[in-house]
1. Over the stretch 255-333, calculate the relative contact order: mean separation of alpha carbon pairs under 8 Å at least 6 apart, over the residue count, as a percent.
2. With label points built 7 Å along Cα→Cβ from the Cα atoms of ASP260 and ASP202, find their separation and express it in nm.
3. Compute the distance from the alpha-carbon center of the stretch 301-346 to that of the stretch 138-156, in whole Å.
4. What number does the chain give for Rg over Rh if you use C-alpha atoms and the Kirkwood radius?
5. Going by the alpha-carbon gyration tensor, a ≥ b ≥ c the square roots of its eigenvalues, is the stretch 205-261 rounded (a/c under 1.5) or, if a/c is not under 1.5, prolate (a/b greater than b/c) versus oblate?
6. When the chain is treated as a GNM, springs tying every alpha-carbon pair under 10 Å, which of TRP257, TRP58, TRP325 comes out with the largest mean-square fluctuation?
7. Starting from the Kirkwood Rh over alpha-carbon pairs, what translational D in µm² s⁻¹ does the stretch 199-296 have by Stokes-Einstein at 10 °C and 1.306 mPa s?
8. Calculated FRET efficiency, ALA152 and ALA224, Cβ-Cβ r, R0 30 Å, to nearest 0.05?
Amino acid sequence: MTAVPLGLPAVPGPHAARPDVPGLVDRFGRVATDLRVSLTDRCNLRCTYCMPAEGLDWMPGGEMLTDDELNRLIRIAVVRLGVTNVRFTGGEPTLRKGIERIIAAAAALTPRPRISMTTNGIGLARRAEALAAAGLDRINVSLDTVRRDRYAEITRRDRLSDVLEGLAGAQEAGLTPVKVNAVLLRGVNDDEAVPLLRFCLDHGYHLRFIEQMPLDPQHGWDRAAMVTADEILATLGERFALSPSTAPRGAAPAERWLVDGGPADVGVIGSVTKPFCGDCDRTRLTADGALRSCLFSQTETDLRAPLRAGADDAEIAEMWRSAMWAKLAGHTINEAGFAQPLRPMSAIGG
Ligand code: SAM
C-alpha cells in the first residue's frame with residue numbers, strides 16, 4: 001500500500017486547549033499570519049465560472065464594513081494578532097471607493113504588513129501609481145487567456161486590452177513581482193497553458209495556474225471536467241523543460257517549477273488534487289465583516305455586530321482567536337458528503 005499525502009496538518013490534535021498566545025493559532029499547529037480582506041462582492045466582469053451574466057444579489061451598503069471599521073479590524077489583526085501580510089481582494093477590490101486610503105491606513109501600521117492585491121487588472125494602468133504610492137507592495141492579476149475573443153467569452157466583457165495595459169502599468173509602478181493567476185477550463189481555454197506561460201515569460205510576469213474549485217454560485221463545478229495540476233504540468237512539459245524550484249515554499253500554495261533552467265518559474269496550485277491545508281496560514285474577512293478560517297468554511301464569525309455594538313479591540317481580538325482555533329484540519333472537497341459553502345468565491349474574497 002502506498003501512503004498518499006493529504007496535505008493535512010498533524011499536530012497537536014483536536015482536543016488540545018488553546019494556548020494563551022497572542023497569535024492566531026489553531027489546534028493543528030498552524031499560525032495564521034496572512035489576512036485576505038474582501039473589499040466588495042461586486043465585480044465589473046462576469047466570468048462564466050464565477051458569476052451569472054446578470055450578477056448576484058449584492059451586499060446592501062449598510063451591511064458592508066465602513067472604511068473605519070475595515071481599518072480597525074486590519075489594525076487589530078496586525079497589531080494584536082500577528083498578521084504580517086494583508087491582501088485585498090473581492091469581488092473586484094478596485095471598485096471599492098477610497099481603496100487607496102484603506103491601503104495607506106494598513107501601510108501606516110507598526111509593524112508594517114506586506115500589502116498585496118488580487119485584481120482583474122481593469123483600470124490598473126491609470127491607478128497603479130497611486131496604489132503603489134499608498135503603500136501597495138505587490139499585485140496578482142487574474143488572466144485566463146491571451147486571446148481577445150476568448151477573454152470576452154469567458155468574462156462576458158471585451159476588456160483584454162485594459163488588462164494588458166494594467167499589467168504593464170503595475171510593472172512600471174513597481175508592484176513587483178507582478179503575478180498572473182490563471183484558471184483553465186476544459187473545452188474553453190485548456191489549450192492556453194503554453195501561450196499564457198510564453199506571454200508571462202516575455203513580459204517578466206510570474207504565472208500561477210490554479211485548479212478550479214467548487215465555489216461557483218451556479219454549483220456547476222464538475223470534478224471530471226477540472227483541468228488538474230498534473231495535466232497542466234504535462235502540457236507545459238511538452239514545450240518547456242520544467243525542474244522543481246528549490247525556493248522554500250512555506251505556506252505558498254503554488255508548487256513552483258523552473259522553466260528551461262530558470263530563473264523564470266511557473267507555479268501550479270493544485271487546490272483540489274494536491275491540497276496544502278496543512279501549511280495554510282490564511283484568515284479571511286468578508287466585505288460585510290464575517291470572519292472565515294477557510295474558503296470552504298461552513299461557519300463564519302460575525303465581527304460586524306460586535307464592532308457596532310461597541311466591543312473593544314481586546315474583545316474583537318479574542319473572538320478572532322477563538323474562530324481560528326476552531327479551524328478544521330482541511331477542506332473536504334475530496335471526501336464524500338462535501339458541501340459547497342453558501343457564499344460563492346466572489347462574496348468570500350478569492
Ligand atoms: N476580481 C479579482 C480578480 O479577478 O482577481 C479578485 C476576485 S476573483 C474571485 C479572484 C480569483 O479567483 C481570480 O483569479 C479567479 O479566476 C479565481 N476564481 C474564481 N472562481 C474560482 C474557482 N471556482 N476556482 C478557482 N479559482 C477561482
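None of the figures in this text is laboratory data; all of them are computed from the coordinates on show. Just so you know, these numbers come straight off a predicted model, no measurement behind them. Glycine gets a Cβ as well: all are built from the backbone with ideal geometry, and neighbour counts include every protein chain shown.
1. Relative contact order, the stretch 255-333: 23 percent.
2. 1.3 nm
3. Cα centroid to Cα centroid, the span is 31 Å.
4. Taking Rh as the inverse mean 1/r over Cα pairs, Rg/Rh reads 0.94.
5. oblate
6. TRP58
7. 104 µm²/s
8. For R0 = 30 Å, the calculated efficiency reads 0.65.
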